[in-house]
Each structure stands twice: as structure tokens, then as C-alpha cells.
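The values are calculated or read from the model by the stated rules, or taken from the named source; none is laboratory data. No experiment lies behind these values; they were computed from the predicted model shown.
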Amino acid sequence: WGEKRAYPAKSIAGNLDWVNVMCYDYHGSWDISATGAHAALYDPSSNISTSFGIGSWLHSGVPPNKVA
């Protein structure tokens, strides 16, 4: 879980019509830490949130009109 992973965002942006962002199931029964929101919009103490995920796609070069 701790290793960095990256999608080929520039290739995705050039070859796909849109990217469907999964914005749920961030926490569940597999998570042994404190209870968290299943669909956190924003979490200032973590990168596990909808705002961070969508921001990552945009920051990596996917145009906003292709992020759904």
C-alpha cells in the first residue's frame, strides 16, 4: 500500500473520451484504523478523499471536461 503508483495520465487524456472517478469505498471492514467516511469529500490530513483524487487527475494533465 505504501509504494507510489501512477497512471499514464497524458496517454489516458489523449486516448480516452472521459475518466470515471470512483468516489466511494475509501474505508470499510478491511480498514483496521478508526472509522472513516465511505465517501470523504475532503480530508486535510490524508490523500484518501474525493478532492485529492480528482485533483490528482487534473494535476497530471487530464482536462477537466474529461473527468466525470
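Points worth noting:
- When the residues of the range 11-26 are filtered to those that are part of a loop (DSSP other than H, G, I, E, B) and not aromatic (Phe, Trp, Tyr), the one that is nearest to residue 54 (Cα to Cα) is 21.
- On inspection, residue 20 qualifies as within 11 Å of the chain's Cα centre (by Cα) and at pLDDT 90 or above.
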